[in-house]
Amino acid sequence: MANLPDSLYEDYTRSMVNFPSALDSTFPPSPNIRMIINWIDDLHKKIPSTFDFALENLITEIMNIYPHISRPVYSHNGMHHRVYNILLLFQCITHYPDTRNPFLTAGMQHYMYPLMDINLTDKPLECLRLGALGVIAHMLRPPVDVAVVRCLVNTNCLQHCTKAIEIGLTESKTVICCIHIQKYSVHRRGLQYCCVLPDRFFLIDGLLKMLLVYLTTIATPCPSLFNLVVECYAKLSYKPRARRGLRRYPPTMLFNGTFARLLAVRLKPFH
């Protein structure tokens, strides 16, 4: 009994004053403002930016439509309309230089090419083709950026325009003629690309002649499309090599009276 405390209510806190502060070492020091800033910065690095995250989702949506563009549209589940709205958004992105340059750097124009190569004429698919063409068209809005022309030249964008001229509606044909072929030929590098090799010149010449044939098949030929075709030929004639090709293989439909009525109308001045 001699070892029992004198009282059950003995105050033990006085004896803990001399204990080592082992418990204190298990708690981190109170954070200062610099530590908080570093934590926030580390957290921000681990979370992708909202813009990049949104673009990734939009591109995923476009890629999800690829398996459905090689067959006719039997159901309207909203997918085609949704992708078309995404293409309209991309047109806004490529319209402004601040967002166009990252678009080019990421090579996002490649995601448009499968839609431009659609081999069917169903209206939902034609809308996708027209939307994809519009994205490329906005990349070439004046003043034309040489980096855009170089990018489209290096990725053979013109090759992906042939299907729209072969089977597309007038709107798609006009977009290609007005923006792609015309803007290619406006810029020195683009015109050089069109004429430096015979196969490229004959490709463009064949597309333009295909447009002339198309104009003869519709009851009321589109004057604006016809004028653009004529302007494209005029710009090609600036290059001596192209002039020689045009002399040897002239667009005879422009001279045999087929479009006499349209030629009689005052054409828009050449740029």
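Expressed in whole Å with the largest first, what are the equivalent ellipsoid semi-axes of region 70-117 derived from the C-alpha gyration tensor as the square root of 5 times each eigenvalue? The partial results should precede the final answer.
Values: eigenvalues 130, 33, 8 Å².
Semi-axes from the Cα gyration tensor: 26, 13, 6 Å.
Take each of the peptides 224-237, 156-169, average the number of other beta-carbon atoms within 10 Å over its residues, and list them starting from the highest.
With the highest mean Cβ count within 10 Å placed first, the list reads 224-237, 156-169.
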So the pair-distance distribution of region 52-169, from every Cα-Cα distance in 10 Å bins, comes to percents of 13, 47, 32, 7, 0
With a 23 Å threshold on alpha-carbon distance, the violating pairs from Lys123/Lys235; Lys123/Lys163; Lys209/Lys235 are Lys123/Lys235
Within region 123-141, the residues whose backbone N lies under 20 Å from a label point placed 7 Å from the Cα of Tyr74 along the Cα-to-Cβ direction are 123-126
If the chain between Arg200 and Leu246 were fully extended at 0.36 nm per residue, the gain over the current Cα-Cα distance would be 15.2 nm
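What percent does the relative contact order of region 160-241 come to when contacts are Cα pairs within less than 8 Å and at least six residues apart?
Dividing the mean separation by the residue count of region 160-241 yields 37 percent.
Read-outs throughout are calculated quantities, based only on the coordinates presented, and are distinct from any laboratory measurement. Predicted, not measured: the structure shown is a model, and the values here were computed from it. FYI the Cβ positions are ideal-geometry reconstructions off the backbone, even for glycines, and counts take in every protein chain you see.
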